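The values are calculated or read from the model by the stated rules, or taken from the named source; none is laboratory data. Nothing here was measured: the structure is a model prediction, and the numbers come from that model. Here the Cβ positions follow ideal geometry from the backbone for every residue, glycine too, while neighbour counts run over all protein chains shown.
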Amino acid sequence: MIGIIGGSGLYEGIEGIKGEEKIIRTDYGDVKVLKGDNFVFVSRHGSPPKPPHKVNYHANIMAFKELNVKNIISISTVGSLRDSLKPGSFILPSNLLDFTGKIWTYHDNEPYHMNMYEPFCKELREKLSQKLDIPIGGTYATMKGPQFETAAEANMLRILGADVVGMTVAPEAKLAKELEICYQPICIVVNYVDEKTSHDENLKIMKEMSKKMEKIVSKILDFV
């Protein structure tokens, strides 16, 4: 059983795949999932979609745990901080920077320290790279949003070694790690981080890449 996290746009890409909508009740809130024979899909932002800083990450990840999911693939859009990572490309990052300024844990009432040296799942990453022909490597920087980065922030991230930037992966990775669920993001580059970055342009690129995302989801379900 594989878990898939995607934005609301991805939901349309799996309409042809058979599944049953269910409400999973957790201590952190209810989550609507699409459950098939070998997958569980969660729309990250819910319906109607919430902005990144209001997503109920605790409930989303716990819903997978309640359904005994052992592996989560998160599909996320990102901005590129490197000329070599062009819009329209895909990447499987191997490390993480967290600038959300928030605490992501299920252990609010007890001392508990999770080792995050390897934030993502190496075994799952290598399997995805082989099956989907997506390159491995790079560091994902998570910013709190909902605004895009300033020029100074983008330069800072480059100096610190970040390759792509987004708003959603750090909370998912940390919470999945605490629940001992193997987690790996697939990042879709939709823009360079510069003065031309815009919400509308990103949505346009996402729409243009919808067929590619559908194929990726289909391939994932073929080999799980």
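Among the residues of segment 137-151, those that are of a type outside the set (Phe, Trp, Tyr) and crowded, with 16+ Cβ neighbours inside 10 Å comprise Gly138, Thr139, Ala141, Thr142, Met143, Glu149. Pairing residues of segment 129-151 that are closer than 16 Å to Gly166 by Cβ and at pLDDT 95 or above with residues that are among the hydrophobic types (A, V, I, L, M, F, W, C) and assigned to a helix (DSSP H, G or I), at Cβ distances under 6 Å and at least 6 apart in sequence or on separate chains, gives Tyr140/Val169; Ala141/Leu157; Thr142/Val169; Thr142/Ala170.
Here segment 47-70 is the region considered, the condition is being assigned to a helix (DSSP H, G or I) and farther than 16 Å from Val169 by Cβ, and the residue that is modelled with the lowest pLDDT is Lys54. Considering Gly88, Gly145, the condition of being closer than 29 Å to Asp30 by Cα and part of a loop (DSSP other than H, G, I, E, B) is satisfied by Gly145 alone. The condition (being without any contact (Cβ under 8 Å) to a residue 40 or more places away in the chain, outside any helix (DSSP H, G or I) and not hydroxyl-bearing (Ser, Thr, Tyr)) is satisfied by just one residue among Glu195, Glu201, Glu180: Glu180.
Checking Asn115, Asn109, Asn155, Asn95 one by one, the residue that is closer than 26 Å to Asn56 by Cα and either of a type in the set (Ser, Thr, Tyr) or at pLDDT 95 or above (or both) is Asn95 and no other. Once segment 36-65 is narrowed to residues that are free of Cβ contacts under 8 Å to residues at least 60 places away in the same chain and surrounded by fewer than 17 Cβ atoms within 10 Å (Cβ to Cβ), the residue that is farthest from Phe120 (Cα to Cα) is Pro48.
Filter segment 194-224 down to the residues that are of a type in the set (S, T, N, Q) and loosely packed, with under 12 Cβ neighbours inside 10 Å and list them by number. Residue satisfying the conditions is Ser198 alone.
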